[in-house]
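J.: Can you keep this structure in mind? I'll have questions shortly.
The values are calculated or read from the model by the stated rules, or taken from the named source; none is laboratory data. Only a predicted model underlies this, so the values are computations on that prediction, with no experimental measurement involved. Cβ placement follows ideal geometry from the backbone for every residue including glycine, while neighbour counts extend to all protein chains displayed.
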Amino acid sequence: MPLSATRLKHRFTVEYPINASPKILYPYLASASGLSHWFCQDVRIDADHCYNFIWDNQPHYAEMNSHRTNRSVRYVFLGPNKRHTPDANYLDFTLEESQLTQEVYLRVIDYSEETDDIELQEMWDSLIQKLREQVGG
């Protein structure tokens, strides 16, 4: 069967312990200013409430698709002209606190065309290290 023009998507999931409370971590995941400290070059919110994630001076538009304060946030990336696309890329951040140990974990789900797990692991390890430096965890 020939490959179509659409690329296969890959769901990469990774979890990190972070020594900070969900109340401290959440703004770094759910606000433009918080994200710009560790996640990408800059993040802006435009008049349409779209998030503009800037990597290598290139804009990548997304919308906050869902969020639960101090628990989770999901960004769904938009196509050209800020339009929704079928099977869109998304990023999902979830904070979980172990009732037993009181440790806080950040689970990241990165759904995109990137299929190299080693490269994704290295990228997220580096990003989470920057986040830990920001929150002191």
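J.: Within region 57-116, how many residues turn out to be farther than 16 Å from Gly34 by Cα, loosely packed, with under 13 Cβ neighbours inside 10 Å and touching a residue at least 12 places away in the same chain (Cβ under 8 Å)?
T.: Looking only at that region, the number is 5.
J.: How about region 70-97: which of its residues are outside any strand (DSSP E or B), touching a Pro at 6+ places or on another chain (Cβ under 9 Å) and not basic (Lys, Arg)?
T.: Asn70
J.: Same structure, new question: Among the residues that make up region 56-66, is at least one of them within 22 Å of Arg132 (Cα to Cα), part of a strand (DSSP E or B) and within 13 Å of the chain's Cα centre (by Cα)?
T.: Scanning region 56-66 turns up no residue that is within 22 Å of Arg132 (Cα to Cα), part of a strand (DSSP E or B) and within 13 Å of the chain's Cα centre (by Cα).
J.: Quick one: would you say Val135 is of a type in the set (A, V, I, L, M), within 17 Å of Ile24 (Cβ to Cβ) and surrounded by 12 or more Cβ atoms within 10 Å (Cβ to Cβ)?
T.: The answer is yes for Val135.
J.: I've got another one for you. Is there a residue in region 34-54 that is under 25 Å from Glu97 (Cβ atoms) and either part of a helix (DSSP H, G or I) or polar (S, T, N, Q) (or both)?
T.: yes
Residues are listed down the side, and each one gets a yes or a no for (1) modelled with pLDDT of 95 or more; (2) within 21 Å of Leu120 (Cβ to Cβ):
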| position | (1), (2) |
| --- | --- |
| Cys40 | no, yes |
| Val43 | yes, yes |
| Asn57 | no, no |
| Arg68 | yes, no |
| Ser72 | yes, yes |
| Tyr75 | yes, yes |
| Leu78 | yes, no |
